[in-house]
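Engineer: Below: one structure in structure tokens.
Every number here is computed from the coordinates shown, using simple stated rules; none is lab data. In this text, all values refer to a predicted model and were calculated from it rather than measured experimentally. FYI the Cβ positions are ideal-geometry reconstructions off the backbone, even for glycines, and counts take in every protein chain you see.
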Amino acid sequence: MHRLIPSQPILLAYLCVLPLLLSGADRGFGVRAQSAGLRDYDPSTFHALVVGIDEYAHWPDLRCAVNDAEAVAAVLRDSYGFGEITLLLNTKATKKAILTRLDSYLDLDETQSLLIYFAGHGWMDERTNTGYWVPVKAQEEAKFEYLANSLVFGDYLRKYRVKHLLVIADTCFSGTMLRRGEYRRPEHSTLPSMYRKPSRWALVSGDLAPVPDGAGAGHSPFATRLLQYLKYGDENVFGVTDLKNFIARSLPESDVQGGEFKVDEHMQGGEFVFCRLEERQPVLPDPVIADVTPIVSTGELLLTCRVSGVLSIDGKDLGRVASGKQYRLNKVVSGSRAVRVACADGTAWSALVDVPADGTADAEATVPRKRPKPAPAPAPVKSSNPTSGNVLSMAFVEVPAGSFQMGSEDGSDNEKPVHAVRISQRFWLGKYEVTQAEYETLMGTNPSKFKDARNPVETVSWDDATAFCVKLTEAERSAGRLPEGYEYRLPTEAEWEYAARGGPRSKGFIYAGSNELDDVAWHYGNSGERRLDASDWKTKELSENKCRAHCVGEKRGNELGLQDMSGNVYEWCLDWYDSDYYKASPGVDPVNAEKASSRVTRGGGWGSQPVNCRVAFRVRYWPVFTGSYLGFRVCLAHSVR
């Protein structure tokens, strides 16, 4: 009868940095809106009420609702330029406060639009089939203290005069507000035509059932997908149908609902349309003080800057810092943090900083050593294997330099044309995918769905994987084990495929080490309790057959001794994704550094069909995307920055 609470605690982000608020006119919304045919689109006429409740007076506490609400409000403001946003969190989200705000929107007219977002507990009266939203002070089993869907939608939403109205409810039992039947956008309709018509829409995380509260990364599963599309969707102008379809596809086991709710016909037929503003890199104010209530132990970092550049902690960019300024960063998760300031000239200052719980760590970002121009070849490796003795005792395999044919003429268009590639210098690649034990030892958390110390870590984003590499590099550099010019990082797409094919020892197998997939991979057909027909892939079979990731190293390795390069979990690569990259990629050490919306993943996973486990198969995911089929392995190689 409420959002489900996970048994494992989650970690809040170590720092919350609120970007500076920029007006729509400053950020170029008119150019994008007009180019899409939305000539009367003005984000300053968009209003939003955003409600999030974690700390209930009489109901069990939630963990993600406030974080979800704050993130939704921020993206509506910073990415879409909403003119007015009201944020009601925890104790401020009383029944009176919510109703007062709903009442104020009766004054909005046909030139304005409204979005309402609610994240919190829901309740269902089974006798009347009525769903309710639960305000912060409401008693359990006291429905007259709740907000009934019939009240919200009857007394308020049906009487609003706004042009477009969208309600997003991340709570259970909200499906009763919708018309029955699946909504489909009319054929041959365009976003301008849909925008010109009024609309009354609802998008809810569950129909008549409980929905989960935590996704292991600070947001509910529903909010995670919602924010991913709002922040990183491929389209800069899109309708709520596109948003709903993405969330539903991303959460196939959920009951995401979306469509028109029950109002007069003259208020229907259109769609709420989002138009993303042009992005600008946030600049950190002086000083930065983040007001976030942590769940884990935290401390402060006092950073004195002698350089200007982009500040990152554990690989996550936080914004620009200026030379001669001092920044106080609070609510930083305690422990060893990899702090870096990347300068415009390509140099960078970096250090491992130990942040004490409830204390303050001091660090000074000084002028980094200039790179030699031209850069000399890396110094000879003193050890035959510089990965030996690493802080995590991870096993690595040396991959000699060499050439190979990259791509496949028998595959998808993005695998063509087949072209010659030369990897000019040797590198070392993890023998196995990074395990949960290794990840938790270094990062202090384990986000994986299929918990086992020897299983590959999964449910990690590209950003998470990169943060792991940054931290491992700093630890090994501090220990004096890294040769000059080397770093731990994700492999490039070319390095990954070259290694998966067996490097100079390749025998030309379709999969990594064999033409028989079962010999070398966990995949859809063999990762569950019983054998499945891999040629007849069905989503429901994944859960019914309990398909899952398995311990690393249980399958046979390839010609180089690398294991699980096919199957088990997809592996993040360093490159940005471009479906046409092969048509113009360099012939020596290619890496696509041209920023795009997605990063490359390779290898297939425990739920993949055989075609996806081929060494040539390419697929993309947004860098913030997570899933129980997404992991990574680490490469020690020359820096490609």
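Engineer: From the square roots a ≥ b ≥ c of the eigenvalues of the alpha-carbon gyration tensor of the stretch 501-606, which class results: rounded (a/c under 1.5), prolate (a/b over b/c), or oblate? Present the calculation step by step, with values, prior to reporting the outcome.
Structural biologist: Working: a/c = 2.42, a/b = 1.47, b/c = 1.64.
Note, shape of the stretch 501-606 comes out oblate.
Engineer: Can you tell me the relative contact order of the stretch 298-365? Whole percent, Cα pairs under 8 Å, sequence separation 6 or more.
Structural biologist: Numbers: 177 pairs, mean separation 29.0, N = 68.
After rounding, I find 43 percent.
Engineer: Could you compute the FRET efficiency for ASN129 and LYS546, with r as their C-beta to C-beta distance and R0 at 41 Å, rounded to 0.05? Provide the component values of the computation, followed by the final result.
Structural biologist: On the way: r = 34 Å, r/R0 = 0.82.
E(calc), rounded to 0.05, equals 0.75.
Engineer: How about the stretch 551-587: which GluC sites (Glu not before Pro) there are in a DSSP loop, with at most 16 other Cβ atoms within 10 Å of their Cβ?
Structural biologist: GLU554
Engineer: Does the stretch 431-516 come out rounded, prolate or oblate, given a ≥ b ≥ c as the square roots of the eigenvalues of its C-alpha gyration tensor, rounded meaning a/c under 1.5 and, failing that, prolate meaning a/b above b/c?
Structural biologist: Because a/c hits 1.5 or more and a/b fails to exceed b/c, the stretch 431-516 counts as oblate.
Engineer: Give the lysines reachable from LYS449 as a straight Cα distance under 17 Å; neighbours fewer than 8 places away on the same chain don't count.
Structural biologist: Output for LYS449: LYS546.
Engineer: Is the shape of the stretch 566-641 rounded, prolate or oblate, going by the alpha carbon gyration tensor and its root eigenvalues a ≥ b ≥ c, with a/c under 1.5 for rounded and a/b larger than b/c for prolate?
Structural biologist: In terms of gyration-tensor shape, prolate.
Engineer: In addition: For LYS92, give me every one of the aspartates and glutamates with a C-alpha distance below 15 angstrom, ignoring sequence neighbours fewer than eight places off in its own chain.
Structural biologist: Within the straight-line limit of under 15 Å, LYS92 reaches these aspartates and glutamates: ASP54, GLU55, GLU70.
Engineer: Of TYR439, TYR156, how do they rank once you tally other Cβ atoms within 10 Å and put the fewest first? Show your work: numbers first, answer last.
Structural biologist: On the way: TYR439 25, TYR156 17.
Ranked by crowding around the Cβ, least crowded first: TYR156, TYR439.
Engineer: If you place +1 on the Cβ of every Lys and Arg and -1 on the Cβ of every Asp and Glu, how big does the dipole about the Cα centre of the stretch 485-620 come out, in debye to the nearest 20?
Structural biologist: Numbers: 19 positive and 21 negative charges, 37 e Å.
With Lys and Arg at +1 and Asp and Glu at -1, about 180 debye.
Engineer: Distance check, please: which entries in LYS95/LYS143; LYS231/LYS331; LYS96/LYS143; LYS431/LYS595; LYS451/LYS538 exceed 21 angstrom between their Cα atoms? Please report the intermediate quantities before stating the final value.
Structural biologist: On the way: LYS95/LYS143 12 Å; LYS231/LYS331 24 Å; LYS96/LYS143 15 Å; LYS431/LYS595 29 Å; LYS451/LYS538 24 Å.
Long pairs (Cα-Cα over 21 Å): LYS231/LYS331; LYS431/LYS595; LYS451/LYS538.
Engineer: First measure r as the distance between the Cβ atoms of ALA57 and THR347, then evaluate 1/(1 + (r/R0)^6) with R0 = 51 Å and state the FRET efficiency to the nearest 0.05.
Structural biologist: Values: r = 53 Å, r/R0 = 1.04.
So the FRET efficiency works out to roughly 0.45.
Engineer: So what are the ³J(HN,Hα) numbers for the stretch 552-567, from phi and the Karplus equation (6.51, -1.76, 1.60; θ = phi - 60°), rounded to whole Hz, Gly and Pro as x?
Structural biologist: So the Karplus estimates, Gly and Pro as x, are 5, x, 7, 9, 5, x, 8, 4, 9, x, 6, 10, 6, 5, 10, x Hz.
Engineer: At a 10 Å Cβ-Cβ cut-off, how would you order THR435, THR360, fewest neighbours first?
Structural biologist: On the way: THR435 24, THR360 13.
The order, fewest Cβ neighbours first, is THR360, THR435.
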